[in-house]
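Accompanying notes for the structure given below.
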Amino acid sequence: MNEVRIGHSEAAALAIICIGAKAFLGFPRFLAKMGATAGWMIILLAGIFSMVIWFGLSFLLQRYPGKSLTQITNHVVGKNLGLVFNGVILIYIIVATSIHLRLFSEAVVITALPQAPISALALLFLISVWIATHLGLEALSRSAAIAFPYLLIGVLAVLIALYPFWDFKNLLPFLGEGVTAVVTNGFFNITSFGEIFILAYLASFFSFSARRLRNVGLFSLGFVTLAFLFIVIVYLMVFPMPVATETLAPFYQLSRQIFLGRYFQRVEAVFVLFWTFTAFFYLSAGIIVSAVIIKEAVEIPYHRPLIPVLSIFIYCLALTPGDIVEIININRLLIVYGWAIIFAIPCLVWVLAMIKGKRGGPVDAQQQEEK
Amino acid sequence: MSKQDNEYKRDKDNKKDNSKTATFFQDIKNLLSNNLLFQGEKQQEGFILTGSGQQEEDSKGEERKTEQKKEPSKKPVRVQRTLPKEDSKLHQEEGGLGSLLVDFQLKINKKYVEEIYSLPKNKDIVLREFMINFNPPIHAFAVFVDGLSDNSIINEFVLRPLMFFHKNKEIGIPDLAGFIKDNILPGNQVDVVENYKDIVEKINYGGTVVFIDGSPKALAVETKGWDRRSIGKPEAEQVIRGPHEAFNETLRSNTALIRKAVRNENLITEMFKIGKRNKTDAAIMYLEDLANPTLVQEVTRRIKSINTDYIGDTGVLEQFIEDHPFMIAPQILGTERPDRVASFLVEGKIAIIVDGTPNVLIVPTTFFSLLHSAEDYYLRMPYGNLVRLLRFAAIFISILTPGMYIAVTTFHQEMIPTDLILAIAASRQTVPFPTILEVFLMEFAFELIREAGVRIPGVIGNTLGIVGALILGQAAVQAGIVSPILIIVVAITGLASFAIPNYSMSFAFRGTRFIFTILAAIFGFFGISAGFYIFLSSLASMKSFGVPFLAPMGPKTRSEPDLFYRGPVWEMEERPDYLNTLDRRRQPKVSRKWTEDKGEENNE
């Protein structure tokens, strides 16, 4: 058992911020491309799909109360195969984190510091994230819970301040690219909610029951779905269809549009404060979850010494792609096919656990003996 | 001449020759050294401290020998009365006097006292010999420190009764000291003591100890009476509404001030002695029926475990017991207001008082209690909230303003309305420095004025602030070194940093401001965001005596409306959850009974 105990509000805040962070990158544009004016339906469907999957997987977590998905995988499929399963997940998280590190750094270049070298920006991201992760998961989750309401206020302020530009006619035609496109893309987009598995991989740190963890996950997914819906709908309402597929940083473009009198305009720079904050949380969570997965997969006592190594590795990986276009393409691949790793592997473990009829009982008994 | 004689002569000549050569070389050496080297007397300072002489020169073995040699002169000739070995072991660790007991013979005791206090060299110690007026009269002497003890108390309540009362009383009492304590000395605190360790402690803290011939016990009379500062007004935590009392440098006055504010029999004062050489008195105060026993235990454990020479102030003690010495924010609150301490005590926290310092420490401390002021609660709710709102704005201003200014003028000019940016540009036209240098120049000047204002004596100190701020600022602008807008920025930042009620916390914010300024100069708003993230994470990772520093916000625990917003006093029904107090409830759900009574009356 870990000494660190995280409460349910902290867990939910961390999950929501990590899933929601992509709203500040090209995600709304990506949805607009996939579903045109029905982009918001895609996200609604994807949210519902991921909630269903999470609901199902939560039974797996409930079978092993107090155990993380890494430990459960190890227990269900054995240590050797478990290492492979967990290794694949780890690689996915590392790649996703480095892609996002690069994307966030690119976004800073686009929105705030056009002349800054990308490596310097990524380095500042990394140093901050390194310090925060070094201070621990408890500190990270607590600061997420503290920052969450203010970040939410920031996002809502942008969306509501755009009210004069809302044009409902821009949402027509209602079904966009058509029902098939909406449903298929809706399913593929569940990867966008893949960060919910942070909760599953950190389950051994939570101070609440597995049943409550299910509810925390459902709440986070529901909340983020609503937030995404609001952002995408406003985005589609403010930018008419062809334009909506062309913006490089949609949320930044939204905040640039704000014009509430002569003295409250061009405030996009202030929103840099908000969205970079979510980026810090996303990257920190990525690094700390990777470290925790390694710790639990190979059963070493601490995860903290892994943080510098992972940070530097992620930094190097993030700077490997040549330019922003390349990284956006890689990200698209990740969103479209990522579910095959982040959702499919836990589902596979779940199915195997059901077939083998394994439960958390023996493990718990063993744990109590150890105590 | 025989052969032997010849050999002898040759040897002698050889030796002579050898010695001649040796003297010749010696002469040359002397000649050279006399002519080539400076031979005057070495000039020395009047006094050079070269260690404690004998002790340093002596090797360890010799040290032991000299100790043995010295012993007869250091210790009295007579066999010493000491405690049994098991007891004395304990005492020996604490100092050399641990096991020494009072002797039956007065002259032996006198010798002990003279040795302990190096009399008659040590002029602070008074040893007054007199006769107790029994039949037959008994020799006695009193020892006290001149200046620490009250002379009139000694005259009236120690010497006078002993010398004049109970005239010609027949003695044959077995416990003479006990008899005198019970019948003759009228002082309110008289103890019978027999251990020199206790005796020396009493004398060193203003007591008077009376030794009586033929008694193996002495009498320690409470005669403290040194000159002390009276209860004054708080210097750093002034309020308009609320009490104007502040702690002073005397431990007992401070505990009394707290006890006066919290009139409760469950208020416990535990005393400690900290420091090997000085043995500073320290006390912890808490309400036994409220404070979490494990917290009390932890505070006691930390204080007792300190092994140092001298602790002269709560500021030093704070550094010995805090959880995160390298973090920027303080984790222990220091206050000079008894009312504030009282309010924390009834919340279930613990106060630490050290003799000789007017600041009392409160543990555990959270971020929010460092930002609250006593007056927040004394004012009516709307005003209290207004003040708090202002203060929280001040925090952000004091941390972020210079950074924001630099970020906006250097990287995010599009944020500024055109007219304003033109004004800023015009004002900066004559300034030859980049904004960051300009800001650092002015911030440095401001901090310098502040620091100098604190150090310079009273009258000049006050004027210096005005002279420094007004004239320096004006001159700097006119000379074209800084822009007028920057003066406003620095002035507002400085003002805001003074609005933070806790002295340590305002230091923390001032330090953080420089980091934010540098980050903003390199990365604009992104740098500020990064700085803020690290700042928040570091605060969230801290603990003060086991309580998370950002509680009850991170982690979220149940709390009364008393963080940013201050709810009505009658709504604060429970004590903070994070303290795990023995009694959670502060007041019932309905604390204003009259509101209910009225309703009932109407119903009737």
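Remarks
- Proximal charge balance of residue A:202 [Cβ under 12 Å; K/R count +1, D/E count -1]: -1
- Inter-probe distance in nm under a simple model that places probes 7 Å from Cα toward Cβ, at residue A:79 and residue A:175: 5.6 nm
- With K and R counted +1 and D and E -1, the other residues having a Cβ less than 11 Å from that of residue B:278 yield a net charge of +1.
- Separation of the stretch A:158-215 and the stretch A:24-89, taken as the distance between their Cα centroids, equals 12 angstrom.
- Summing +1 for each Lys or Arg and -1 for each Asp or Glu among the other residues whose beta-carbon sits under 12 angstrom from that of residue B:392 gives +2.
- Ordering A:163, B:531, A:333 by the projection of their Cα atoms onto the charge dipole of the protein assembly as shown, which places +1 on the Cβ of Lys and Arg and -1 on the Cβ of Asp and Glu, puts A:333 at the extreme positive end.
- Unsatisfied cross-links (Cα-Cα over 20 Å) in the set A:67/A:295; B:260/B:593; B:279/B:304: B:260/B:593
- Screening chain A for DSSP H helices whose Cα atoms reach 27 Å or more along their own axis and whose mean Kyte hydropathy is at least -1.0 gives A:39-63, A:79-111, A:137-161, A:210-238, A:268-297.
- Once both labels are positioned 7 Å from their Cα atoms along Cα-to-Cβ, the gap between residue B:163 and residue B:558 label points is 6.8 nm.
Values in this text are rule-based calculations from the coordinates and carry no lab data. These figures come from a predicted structure and were not determined experimentally. Neighbour counts run over all protein chains shown; Cβ positions are idealised from the backbone, glycine included.
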